[in-house]
Amino acid sequence: MPTINCLPDRCSIEVSESDTILDAMIADEIPHTHVCGGNAYCSTCRIMILEGSHHCSPPTSAEKALAKKLDFPVHIRLACQTRVSGDVAIRRLILNNDDIDIVENQLSTGSMGNQRSVGVLRARIRGVTNFDEVNFPYDIIYVMSRYFHRMNKVIGQYGGVIDNYTSWRLTALFGTEESDRDPERAVWAGLDMLQSVRELNADLAQLSYHPLNVSIGIHYGPVVLVPVCAGDSQRMTALGSAIEVVGRIEEKK
């Protein structure tokens, strides 16, 4: 009989070719999560095939539909739909209630994150080391609220999504959804942001505020998009070398 080597349980079990991996795990009293009862609705029985993928049965139509919705890579399978004809090594991916909460969010939003190439724009206000020390809170709020409002507006016009704000910096992503001309849109947004800052500075000068000095770095490259807010598929952060490259470009300015 074929053998399943299972992590993180560090155990091996035998399985009949007529049984699914989930059937075999339950029969051997391994706590394999299966919220929907093994009907390919919830994906909580998902596993990673570490070795022996050629011994796994082809995905069923139900598994294909769920894998397409969640953009599973080929080595992520549903234990409730997968049978084996030879030895395999797997890893259980859903281990506790936190994992189940994440899966439910993925199903509700239709996204579990992915890797893609995006335009990354990072804007930084320079020369503000003591900005919060020499201005009253009202003045800080007045100036920065208008700055962020303008930057949000321009980035949104070019289809960008603001990834995060950190002190005097903001990072925006172009291409988190299926789109084209992402690098160009990031550059156009950056040029319009600089123009918008010049217009803002003209307004600030009339009120005797110091002008804002903004530098912008842009890069295009592969990142991993990771959801950060349950129930909101638009709230993602980007991780990868493209983000770091923007940081290095910006520091050299």
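Quick notes
- Screening segment 216-242 for residues that are crowded, with 18+ Cβ neighbours inside 10 Å and more than 27 Å from D99 (Cα to Cα) and picking the one that is modelled with the lowest pLDDT gives A242.
- Some residue of segment 24-32 being acidic (D, E), in contact with a Pro (Cβ under 8 Å, 6 or more places away or on another chain) and more than 30 Å from T237 (Cβ to Cβ): no
- In segment 139-156, of all residues being under 15 Å from I216 (Cα atoms) and free of Cβ contacts under 8 Å to residues at least 24 places away in the same chain, the one that is least open to solvent (accessible area, probe 1.4 Å) corresponds to F148.
- Among the candidates S12, S53, S61, S57, the residue that is touching a residue at least 24 places away in the same chain (Cβ under 8 Å) and either open to solvent by 50 Å² or more (accessible area, probe 1.4 Å) or under 30 Å from L239 (Cβ atoms) (or both) is uniquely S53.
- Looking only at segment 93-135, and only at residues there that are within 30 Å of Q195 (Cα to Cα) and modelled with pLDDT under 75, the one that is most open to solvent (accessible area, probe 1.4 Å): E133
- Hits in segment 164-204 (condition: among the hydroxyl-bearing types (S, T, Y) and not in a strand (DSSP E or B)): S167, T176, S179, S196
- Cβ pairs under 8 Å, 6+ apart, first in segment 157-172 and farther than 14 Å from L225 by Cβ, second open to solvent by 30 Å² or more (accessible area, probe 1.4 Å) and among the aliphatic types (A, V, I, L, M): L170/I162
- Members of segment 20-45 that are charged (D, E, K, R) and crowded, with 17+ Cβ neighbours inside 10 Å: D23
The values are calculated or read from the model by the stated rules, or taken from the named source; none is laboratory data. As the structure is a prediction and not an experimental result, all values here were calculated from the model. Because the Cβ atoms are built from the backbone with ideal geometry, glycine has one as well, and the counts that use them run over all protein chains shown. Calculation scope for accessible area: heavy atoms of the full protein, side chains included, ligands and nucleic acids excluded. Shrake-Rupley method; radii C 1.70, N 1.55, O 1.52, S 1.80 Å.
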